[in-house]
Amino acid sequence: MMRSALRKFLEDEQFTVCGEVEDGLIGIEKAKELSPDLVFLDFSTPGMNGAEAASILKRAVPNVPIILFTNARPLCCKDSRRKPFCRSSSSQAL
């Protein structure tokens, strides 16, 4: 549900969604393949969680910004968005 809401939000804001996956490990491979301008991750993904995937992605595609969604309080991120996300604050972050 979160992914579909995020996809709709991004498309409504005139962004192109070039890929979508359910697993952090697959997301890493997809990001390497597609070279996106921005990556959204959910902390609680099956397989490899979003924080682990973000750590690997920062080395694999260092110039791609990452937004990590979580239900937890942010600990060490430049910026964060808590789920469920709000259209106005997310638009400002983009």
Members of region 1-53 found to be touching a residue at least 60 places away in the same chain (Cβ under 8 Å) and either farther than 17 Å from Ile67 by Cβ or outside any loop (DSSP other than H, G, I, E, B) (or both), listed by number:
Met2, Ala5, Leu6, Phe9
Counted residues, region 12-44 - those being surrounded by 13 or more Cβ atoms within 10 Å (Cβ to Cβ) and of a type in the set (S, T, N, Q):
1
I'd like to verify a number: residues in region 1-11 that are buried (at least 18 other Cβ atoms within 10 Å of the Cβ) and polar (S, T, N, Q), how many?
0
Residues of region 57-69 being part of a helix (DSSP H, G or I) and either charged (D, E, K, R) or crowded, with 17+ Cβ neighbours inside 10 Å (or both), which ones?
Leu57, Lys58, Arg59
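Each reported figure results from applying straightforward, stated rules to the coordinates on display, with no laboratory input. Note that this is a predicted model, so its numbers are computed, not measured. Cβ atoms come from the backbone with ideal geometry, glycine included; neighbour counts cover every protein chain shown.
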